[in-house]
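The values are calculated or read from the model by the stated rules, or taken from the named source; none is laboratory data. Source: prediction; values computed, not measured. Here the Cβ is made from the backbone with ideal geometry for all residues, glycine too, and neighbour counts use every protein chain on show. Ligands, DNA and RNA are stripped out before the accessible areas are found, and what is left, the full protein with its side chains, is counted by its heavy atoms. Shrake-Rupley method; radii C 1.70, N 1.55, O 1.52, S 1.80 Å.
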Amino acid sequence: MALLEVKDLQVRVEDREILHGLSLTVNPGEVHAIMGPNGSGKSTLSHVIAGKPGYEVTGGQILFRGEDLLEMEPDERAAKGVFLAFQYPVEIPGVATMNFLRTALNAQRKARGESEYSTPDFLKKVREVSKSLNIPQDMLKRGVNVGFSGGEKKRNEILQMALFEPSLCILDEMDSGLDIDALRIAADGVNALRSLERAMVVITHYQRLLNYIVPDYVHVMAKGSVVKTGGKELALQLEESGYAQFEDA
Amino acid sequence: MNVVLAKTDTGRAVSTSFAFARERLPGSGKVAEQRRQAFEAFERAGLPHRRIEDWKYTDLRALMREVLPLAASPDTTALSRAEAALKLHAIEGTRRLVLVDGVFAPKLSDLGKGEKGFSVRTLREVLETGDGALQGELLASDNSDPMIALNTAMATDGVVIEIANGTVLEQPLHVVHVASVGTPAAMFTRSLFRLGRDASATLVESFVAAEGTEAYQAYDSLIVSVGDNARLDHLRLVEDGLDAFNIASAAVTLGAHAQLNTFGMVSGASVSRYQPTIVFAGEGARVDTNGVNLIKGRQHADTTMFMDHAVPHCASREVFRAVIDDRAHSVFQGRIVVRPDAQKTDAKMMTRALLLSDEAEADNKPELEIFADDVTCGHGATTGALDESLLFYLRARGLPEREAQALLIQAFVGEAIESIANDSLREHVIAAAQRWLEARA
Ligand SMILES: Nc1ncnc2c1ncn2[C@@H]1O[C@H](COP(=O)(O)OP(=O)(O)OP(=O)(O)O)[C@@H](O)[C@H]1O
Ligand SMILES: [Mg+2]
């Protein structure tokens, strides 16, 4: 069974249609890249999958392992294994990162009927993961993303992904704001999570990221729908030709 | 006009109550005369109502309607219920002084050998056998506020704490007001806290109810003086029963270079009003005050604070936060007066209200009266719901709605709780806020 099936999805924001019948199927183990010009609706798609309020779905459906995702609360989706690494992660002053990570992880486990992590087990796990992503411990003592640099915020998203072990990872421009070394480390972190059960949807503007995270499929999104799908070579072509051909369509 | 207003049923009921209670009120001679004058002042004004500017958001005539009769002295049942309640509200490492239904309870209090320079007596003791000057000070309050006047007239007991010059009191004092009445009643307490020059101390006040307590009204008044160079940390926790009234005032005077840190949290009582007046009497003093209302249902919580910058070079910081759910109503009235001589005053006031429901209400009335020209004064206010984008981020990470809200509310009140210097007191307050959040979930 497909992990994610988006069928003919139509989405409005404040009376303006942003997605006009978008379809996308992602199977376990696959890596999909989505590329496309600014404002084509990539983040909108990722938000609707994660359940962000403020979007009106006027047509189509989204199935996750055959279940209607649009019927679920955002936290239920997270517990079922949907994870979105945000393009713009928010800062949450006064909520310590460690406390947030533990509360979130245990909430997901509880929702799945699994036992909660004990404090030592949790600490051990966070330490392992943050070390592999080169995230200093003192960052975890601060408020969630508070005072983090752009790149640090992105690394914090990957840290959460590694910790929660979701089955669908949507990465919305995880490469923006990362320097070359940080990009490699983050990409290694993502690659370490690749498995036969897990799928990735990588939204990016740059083919460079796809050298590190090699996709099975590349989709071009323009004006609210997928206009072309190909293999990894499509990304290289786009680098050459740009999006003009799709925008005119 | 006022005389006419006083002739309400309420006025008559209280009048009878005062006549009836007089026998039980400590003090005679001048003390009795001060009480009589105060009572007359109360009778003339009656319960404050919305047409009196200071009380426009807290109309006691509408909310309370009547002053209940004076509570009986606690019997053994009341005392044993109070004892059970204390187990719940005890704070480790503090010296506890307990008032049950407005009467000092020696058996529940820790009267063991005090640190050097520390003395505690009851109000009753002082009014019956103390020296005249102290008696006068205890009942000298301004009768222009009817509720303070009523308290002066009816004050049954309280604690009179004196800390000698230069004494550093390590152990925080915890004054616990426990309501344990078996029939609806009112309790009136008045306490005094005098901190000598160069001294420092921590005073915690809690208002709580024993299990199964009837509806009650707690009227309290606190007189505080902080000596030159002294430092007082003051915590006030209103955790009264949800059908209780808590009407209280504080009159604080600060000496030169004194420091006052106050933290107040209201999570209990159906209707509460707290009127602290802080007077800077010596130069170079500083006040940091943090308030938190955590209210729900139809609770009404009013803090009306008066910061009187009477002398130069003093600083005050007021940050008042409210978390308001359901149809609850939070009021903050902050008045700052900078008198003509009080140059170089630095006074700031901030209110932040978090509305958790569409019917929640926050009223905020800042008043700055500045008569000096070389000062820094300001006030600000924010009111709003929880930030949707933060809530979504947390929910996208698996937190159910209520838990996500709880984390953000914790962060919001946490900033105020951080101001509490003492670790075990801070933990105690965090736990109290946590209980409120859990009861909500
Ligand atoms: N809340 C909103 N209100 C109004 N318009 C919106 C809102 N959110 C998105 N849009 C519009 O929807 C369109 C798609 O936005 P979206 O953020 O999905 O694009 P994107 O493909 O992710 O762009 P980028 O590459 O710049 O990140 C844009 O025209 C944007 O202005
Ligand atoms: Mg985007």
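Taken over segment B:387-441, the alpha-carbon convex hull comes to 75 cubic angstrom per residue. Proximity of backbone amide H atoms, modeled 1.01 Å from N, is registered between B:ALA322 and B:ASN293, B:ARG352, B:ALA353, B:LEU354 at under 5 Å, excluding neighbours fewer than 5 places apart on the same chain.
Run the paramagnetic zone check for B:ARG435: 7 angstrom along Cα to Cβ, then residues of segment B:72-105 with backbone nitrogen under 11 Å. Once the point is set 7 Å along Cα→Cβ of B:ARG435, B:85-91 turn out to lie under 11 Å by backbone N, inside segment B:72-105.
Can you check what the net charge comes to around A:HIS20, using other residues whose Cβ is under 15 Å from the Cβ of A:HIS20 (Lys, Arg +1; Asp, Glu -1)? Neighbour charge sum, excluding A:HIS20 itself: 0.
Each residue of segment B:310-319 is assigned a 3J(HN,Hα), and the resulting list reads 8, 10, x, 6, 10, 10, 9, 10, 10, 10 Hz, derived from the Karplus form 6.51 cos²θ - 1.76 cosθ + 1.60 (θ = phi - 60°), x at Gly and Pro. Computed over the protein assembly as shown, the range of Cα coordinates on each principal axis works out to 101, 56, 51 Å, biggest value leading.
For A:VAL226, the amide hydrogen comes within under 5 Å of the amide hydrogens of A:SER23, counting only partners 5 or more places away or on other chains and with H modelled in the peptide plane.
Residues in segment B:350-359 carry Karplus couplings, in order, of 9, 10, 9, 10, 10, 9, 9, 9, 5, 9 Hz; the curve used is 6.51 cos²θ - 1.76 cosθ + 1.60 with θ = phi - 60°, and Gly or Pro positions show x.
Peptide A:74-84 has a mean shielding of 4, counted as Cβ atoms of other protein chains within 10 Å of each residue's Cβ. According to the calculation over all Cα-Cα pairs in segment B:137-294, the P(r) per 10 Å bin from zero is 11, 40, 36, 12, 2 %.
Pairing chains B and A buries close to 1900 square angstrom of accessible surface in total, based on protein heavy atoms and a 1.4 angstrom probe. Peptide A:42-51 is shielded by partner chain Cβ atoms: per residue, an average of 1 of them sit within 10 Å of its Cβ.
Compactness of segment B:10-282 is given as radius of gyration and Dmax, 17.6, 50 Å, from Cα positions. Taking the chain by itself as reference, segment A:103-122 contains these residues with an accessible-area loss of 30 Å² or more in the full protein complex (1.4 Å probe, heavy atoms): A:THR103, A:ALA107. Of the accessible area of chain B, computed with a 1.4 Å probe over protein heavy atoms only, carbon and sulfur atoms account for 51 percent. Per-residue shielding of B:384-396, expressed as the average number of other chain Cβ atoms within 10 Å of the residue Cβ, stands at 6. Among residues other than B:ARG96 with Cβ under 13 Å from its Cβ, the summed charge is -1 (Lys and Arg +1, Asp and Glu -1).
Charged neighbours of A:LEU105, selected by a Cβ distance under 9 Å, balance to +3 (K, R count +1; D, E count -1).
Backbone geometry of segment A:70-80 corresponds, through the Karplus equation with coefficients 6.51, -1.76 and 1.60 at θ = phi - 60°, to 3J(HN,Hα) couplings of 5, 7, 9, 5, x, 5, 5, 4, 4, 5, 7 Hz, x marking Gly and Pro. For segment B:111-166, applying the loop criterion from DSSP together with a ceiling of 14 other beta carbons within 10 Å to the GluC sites (Glu not before Pro) yields B:GLU115.
The aspartates and glutamates whose alpha-carbon is closer than 19 Å to the alpha-carbon of A:LYS232, local same-chain residues fewer than 8 away aside, are A:GLU30, A:ASP172, A:GLU173, A:ASP175, A:ASP188, A:ASP216, A:GLU240. Per residue, segment B:10-282 exposes 38 Å² of accessible surface when a 1.4 Å probe is rolled over the protein heavy atoms with every protein chain present.
Compactness of chain A, taken as the C-alpha radius of gyration over 2.2 N^0.38 Å, stands at 1.00.
Distances between placed amide hydrogens fall under 5 Å for B:SER221 paired with B:THR189, B:ARG190, B:SER191, B:SER249, all partners being 5 or more residues away or on another chain.
Based on the convex hull around the alpha carbon atoms, segment B:271-396 presents an average projected area of 8.3 nm². By a straight-distance test (C-alpha under 25 Å), which lysines pair with B:LYS344 as possible cross-link partners, with residues fewer than eight away in the same chain excluded? Correct list for B:LYS344: B:LYS365.
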